[in-house]
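Shown next, in structure tokens, is the structure this report addresses.
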Amino acid sequence: MTNSIGDMLQARAFLIIGSNTTEQHPIIGLQIKRAVRRNGAKLILADPRKIELAQFATIHLQHEGGTDIPLLNGLAYVILDENLQDDEFIATRTENFEAWRKVVEQYPPDEVSKITGVPVDDIVAAARMYATNKPAAILYAMGITQHIVGHYNVTALANLAMLTGNVGVPGGGVNPLRGQNNVQGACDVGCLPNVYPGYQKVTDEEVRAKFANFHSNEQPPAKVGLTVIEMMNAMLEGKVRAMYIMGENPALSDPDSNHVRRCLEACEFLVVNEIFLSETAQMADVVLPAAASVEKDGTYTNTERRIQLAHKALDPPGQAKPDWQILCELAKRMGAPEDEWSYSHPSEIMEEIAAVSPIYGGIRYERLEPVGLQWPCWAPEHGGTPILHVGRFTRGLGYFTPVHHQPADELPDDEYPFMLTTGRLLQHWHTGTMTRRVGGLDYLVPEELVEINPIDAEKLGIEDGDWIRVSSRRGEVVARAHVFDRPRPGLVFMTFHFAEALGNVLTNAALDPIAKIPEYKVCAVKVEKLDSPPE
Amino acid sequence: MLHYDRQVTTICPYCGVGCNLNLHIKDDRIVRVTSFYDHPVNRGNLCVKGRFGLEYVHHPDRLTTPLIRRNGRLEPASWDEALGLVAERLNAIKAESGPDSIALLSSAKCSNEDNYLMQKLARQVIGTHNIDHCARL
């Protein structure tokens, strides 16, 4: 997030797109509700489903999946057409405005309405609302990024924020809501194929020299490594022979899971650190038992870039150990220098992180009580950064990047007439490894229920609770139908919480060429009623 | 009488909001989860997962010993044996096919320190940039 969770209460308007905030980030969802109900903030919600936030929205733009760019360019069109832009911000803080404007002018509301299915009046009203209530905060999540145009979807949001001068101010900004408890931190400390810790590019010679000096070895060639989906395909091709997985469950979480299973089966040597025998661990050659987060000291970085300390509360069961200990022992056995892999406590690892990554430069365990610090935190006396891009963008001037509509990789057709989109529920988490082992949560939601609109259900003769088969070009899933008007007509919604009825059997692994993110949010399926329950 | 022996503060293991959790522990079991009202992230609020979703920690399915596949089945093994096998096989594959024949998936569920060491293992010990995690999933 460019901004902080706390400053959202200062927002006069929200544009929330591709984020089911009250279910996926419930405590931020509470903040939104409070801002709307108590402060009278305007809420523009853009989502193909009538999620809970629709009840709080001033305007709900129920656009068709995969049409975010025309919708966002359409909002920009109206703002420019009605002269509601922030001219001073554009003049002093940005560049490439005129070139971008020429592209936006190709998206008048009547054209946008045809592509998105949103009424012209709503597009105009939403644009006015976002531009005239300042500060206005943009919030988004995987509904924006999990498309083959995910990168450009985010760019379109940044353009809107710059157009209206909503950057670098409390209550404004462009705020991605990060999914996992430490997805931000895993990126920050370099678990990405293109960057070392602190987002330092692996292709930068100065960066490589710095890490070569810090560690007593030669650095890998200045070539970006493989992303997760590319790794899977490389295993099938025999280019990747061994895989080491720490605490993830790609057998269920990756798109087109039948294909992913074939990839994992093709892997010659698979090692998994886990707390449970997950679907992925069941396929492993070696499984190493890990401590859960409450069984070790460590830090986690949340969606607002806040690095927070977690204390060990319990001993791990049996012989299970914290992952950092497992990794140290393995590295030494593989021949790594003893002195570079001997830590008596995670705080010593954080000292090393701080030494190699400038954005964490001032992070020390003793500074993290009681509420942590937000990066960038450059030095031990630096107080952290609650809001990014104040007065200046990281690159200097903000760049208006023109973005064009590009249809999703796989759209409904005669054979597969419905659009499938996937997501998660409040009561479960990701592949269910943890939440399906919590009695109360599993009691609340014990099975997959496929959301389908009543208009569609009636045509297919499906009633609420009926068993249905949902199939795509990649596989089929049997589950019960939940008939209600949450998805727009033509759209069905599934999760990937339930191994026995897994939405990811159906999803499309087409990738955004820049971000390499799969298009989970749009694929084509058919829906059929089953005459009898499955055996 | 208090219904717990001690309290320990931690961070919620679920979503990216990063709510503060105050675990109430009795006889080495989590018996109650609360949160401090003055914490800037969640101000004492918790969702159903944060407040009631930590029971998995005590689940009997937890892995308690290393496992090695023998004759098609995963069987218990010692740490010494399991780590020895992993080190030997990874070094052998690296020697035969080069560092880029190995790929590592780190975890958005693990701590910064765990993740830092995973990428250090990839880059320093194995010698590959083939490291990613579920940020895109």
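Please give the helices (runs of 4 or more DSSP H) falling wholly within the stretch A:79-148 in which 2 or more residues are basic (K, R).
Here the list reads A:97-104.
Could you grab me the full set of residues in the stretch A:512-535 that are closer than 19 Å to A:H482 by Cβ, modelled with pLDDT of 95 or more and out of contact with any Gly (no Cβ under 9 Å at 6 or more places or on another chain)?
Those that are closer than 19 Å to A:H482 by Cβ, modelled with pLDDT of 95 or more and out of contact with any Gly (no Cβ under 9 Å at 6 or more places or on another chain): A:V525, A:K526, A:V527, A:E528, A:L530.
Might you let me know whether the stretch B:50-63 holds any residue that is hydroxyl-bearing (S, T, Y) and facing chain A (nearest Cβ under 7 Å)?
yes
If we keep just the residues of the stretch A:192-211 that are without any contact (Cβ under 8 Å) to a residue 24 or more places away in the chain and in a loop (DSSP other than H, G, I, E, B), which is nearest to the other protein chains (Cβ to nearest Cβ)?
A:V202
Taking A:I462 as meeting all but one of (1) surrounded by fewer than 20 Cβ atoms within 10 Å (Cβ to Cβ); (2) away from chain B (no Cβ under 14 Å); (3) not aromatic (F, W, Y), write down the number of the exception.
Among (1) surrounded by fewer than 20 Cβ atoms within 10 Å (Cβ to Cβ); (2) away from chain B (no Cβ under 14 Å); (3) not aromatic (F, W, Y), A:I462 violates only (1).
So the check is Cβ under 8 Å with 6+ separation or different chains; which pairs have a first residue in the stretch A:70-87 that's surrounded by 19 or more Cβ atoms within 10 Å (Cβ to Cβ) and a second one that's at pLDDT 95 or above and acidic (D, E)?
So the pair list comes out as A:P70/A:E111; A:G74/A:E111; A:Y77/A:E105.
Are any of the residues in the stretch A:489-504 over 23 Å from A:D254 (Cα atoms) and surrounded by fewer than 18 Cβ atoms within 10 Å (Cβ to Cβ)? Give the derivation first.
Let us first name the residues in the stretch A:489-504 that are over 23 Å from A:D254 (Cα atoms), namely A:489-490.
Next, from what is left, pick out any that are surrounded by fewer than 18 Cβ atoms within 10 Å (Cβ to Cβ): A:489-490.
Yes, because at least one residue in the stretch A:489-504 is over 23 Å from A:D254 (Cα atoms) and surrounded by fewer than 18 Cβ atoms within 10 Å (Cβ to Cβ).
Among the residues in the stretch A:25-40, are any farther than 24 Å from A:G6 by Cα, of a type outside the set (S, T, N, Q) and assigned to a loop (DSSP other than H, G, I, E, B)?
Taking every residue of the stretch A:25-40 in turn, none turns out to be farther than 24 Å from A:G6 by Cα, of a type outside the set (S, T, N, Q) and assigned to a loop (DSSP other than H, G, I, E, B).
Of all residues being under 18 Å from the mean Cα position of the chain (by Cα) and assigned to a loop (DSSP other than H, G, I, E, B) in the stretch B:18-34, which is farthest from the other protein chains (Cβ to nearest Cβ)? Just the residue, please.
B:C19
Give all pairs with beta carbons closer than 7 Å in which a residue from the stretch B:51-63 that is without any contact (Cβ under 8 Å) to a residue 40 or more places away in the chain meets a residue that is among the small types (G, A, S) and assigned to a helix (DSSP H, G or I); count only pairs at least 6 apart in sequence or on separate chains.
B:F52/A:G440; B:E55/A:G439
Would you pick out the residues in the stretch A:155-191 that are under 30 Å from A:H215 (Cβ atoms) and either surrounded by fewer than 24 Cβ atoms within 10 Å (Cβ to Cβ) or away from chain B (no Cβ under 14 Å) (or both)? Break it down stepwise before answering.
Taking the stretch A:155-191 and keeping what is under 30 Å from A:H215 (Cβ atoms), we get A:178, A:180-191.
Selection gives A:C187 alone.
For the stretch A:297-314: of the residues being within 7 Å of another protein chain (Cβ to nearest Cβ) and assigned to a loop (DSSP other than H, G, I, E, B), which is surrounded by the fewest Cβ atoms within 10 Å (Cβ to Cβ)?
Per the stated criteria, the residue is A:H311.
Would you please name the residue that is surrounded by the most Cβ atoms within 10 Å (Cβ to Cβ), looking only at residues in the stretch A:369-426 that are under 30 Å from A:T299 (Cβ atoms) and touching a His at 6+ places or on another chain (Cβ under 9 Å)? Write out each step before concluding.
Taking the stretch A:369-426 as the starting set, the residues that turn out to be under 30 Å from A:T299 (Cβ atoms) are A:369-395, A:423-426.
Next, from what is left, pick out any that are touching a His at 6+ places or on another chain (Cβ under 9 Å): A:370-371, A:373, A:376, A:424-425.
On the way: A:P370: 12, A:V371: 15, A:L373: 23, A:P376: 18, A:R424: 21, A:L425: 17.
Residue satisfying both the conditions and the ranking: A:L373.
With the requirement that a residue be hydroxyl-bearing (S, T, Y) and more than 18 Å from A:V149 (Cβ to Cβ), what does the stretch A:78-115 give you?
A:T92, A:T94, A:S113, listed by residue number.
I need the full set of residues from the stretch A:315-356 which are among the small types (G, A, S) and assigned to a helix (DSSP H, G or I), in order please.
A:A331, A:S347, A:A354, A:A355
Using the structure shown, decide if B:R6 is over 20 Å from the mean Cα position of the chain (by Cα) and within 10 Å of chain A (Cβ to nearest Cβ).
It is true that B:R6 is over 20 Å from the mean Cα position of the chain (by Cα) and within 10 Å of chain A (Cβ to nearest Cβ).
Restricting to the stretch A:272-291, count the residues that are under 21 Å from B:D28 (Cβ atoms) and either surrounded by fewer than 24 Cβ atoms within 10 Å (Cβ to Cβ) or more than 7 Å from chain B (Cβ to nearest Cβ) (or both).
3
Of all residues in the stretch B:68-92 being under 18 Å from A:N273 (Cα atoms), more than 7 Å from chain A (Cβ to nearest Cβ) and among the small types (G, A, S), which is surrounded by the most Cβ atoms within 10 Å (Cβ to Cβ)?
Ranking the qualifying residues of the stretch B:68-92, first place goes to B:A77.
In the stretch A:357-368, how many are in contact with a Leu (Cβ under 8 Å, 6 or more places away or on another chain), in contact (Cβ under 8 Å) with a residue 24 or more places away in the chain and either assigned to a helix (DSSP H, G or I) or surrounded by fewer than 21 Cβ atoms within 10 Å (Cβ to Cβ) (or both)? So that I can check it myself, show each step before the final result.
Pass one, the stretch A:357-368, residues in contact with a Leu (Cβ under 8 Å, 6 or more places away or on another chain): A:362-363, A:365, A:367-368.
Still in the running and in contact (Cβ under 8 Å) with a residue 24 or more places away in the chain: A:363, A:365, A:368.
Going one step further and asking which of them are either assigned to a helix (DSSP H, G or I) or surrounded by fewer than 21 Cβ atoms within 10 Å (Cβ to Cβ) (or both), we end up with A:365, A:368.
Summing the residues that are in contact with a Leu (Cβ under 8 Å, 6 or more places away or on another chain), in contact (Cβ under 8 Å) with a residue 24 or more places away in the chain and either assigned to a helix (DSSP H, G or I) or surrounded by fewer than 21 Cβ atoms within 10 Å (Cβ to Cβ) (or both) in the stretch A:357-368 gives 2.
Residue check: is B:A103 crowded, with 21+ Cβ neighbours inside 10 Å and over 30 Å from A:L309 (Cβ atoms)?
yes
From the residues in the stretch B:93-127 that are out of contact with any Gly (no Cβ under 6 Å at 6 or more places or on another chain) and part of a loop (DSSP other than H, G, I, E, B), which one is farthest from the other protein chains (Cβ to nearest Cβ)? Break it down into steps so the answer makes sense when it comes.
Residues of the stretch B:93-127 that are out of contact with any Gly (no Cβ under 6 Å at 6 or more places or on another chain), as a first pass: B:93-98, B:100-106, B:108, B:114-118, B:120-127.
Checking which are part of a loop (DSSP other than H, G, I, E, B) leaves us with B:98, B:106, B:108, B:127.
Working: B:G98: 10, B:S106: 4, B:A108: 3, B:G127: 5 Å.
The selected residue is B:G98.
Can you find a residue in the stretch B:35-48 that is among the polar types (S, T, N, Q), more than 7 Å from chain A (Cβ to nearest Cβ), surrounded by fewer than 23 Cβ atoms within 10 Å (Cβ to Cβ) and on the phi > 0 side of the Ramachandran plot?
Checked against the condition, which is being among the polar types (S, T, N, Q), more than 7 Å from chain A (Cβ to nearest Cβ), surrounded by fewer than 23 Cβ atoms within 10 Å (Cβ to Cβ) and on the phi > 0 side of the Ramachandran plot, the stretch B:35-48 yields no hits at all.
Scan (1) more than 7 Å from chain B (Cβ to nearest Cβ); (2) closer than 30 Å to A:P317 by Cα; (3) surrounded by 19 or more Cβ atoms within 10 Å (Cβ to Cβ); (4) not hydrophobic (A, V, I, L, M, F, W, C) for the single condition A:Y244 breaks and write down its number.
Here A:Y244 clears every test but (1).
State whether the residues of the stretch B:14-24 include one that is surrounded by fewer than 22 Cβ atoms within 10 Å (Cβ to Cβ) and either free of Cβ contacts under 8 Å to residues at least 24 places away in the same chain or of a type in the set (S, T, N, Q) (or both).
Yes, the stretch B:14-24 has at least one match.
The values are calculated or read from the model by the stated rules, or taken from the named source; none is laboratory data. Keep in mind that what you see is a predicted model, and the values were worked out from it rather than measured. Glycine gets a Cβ as well: all are built from the backbone with ideal geometry, and neighbour counts include every protein chain shown.
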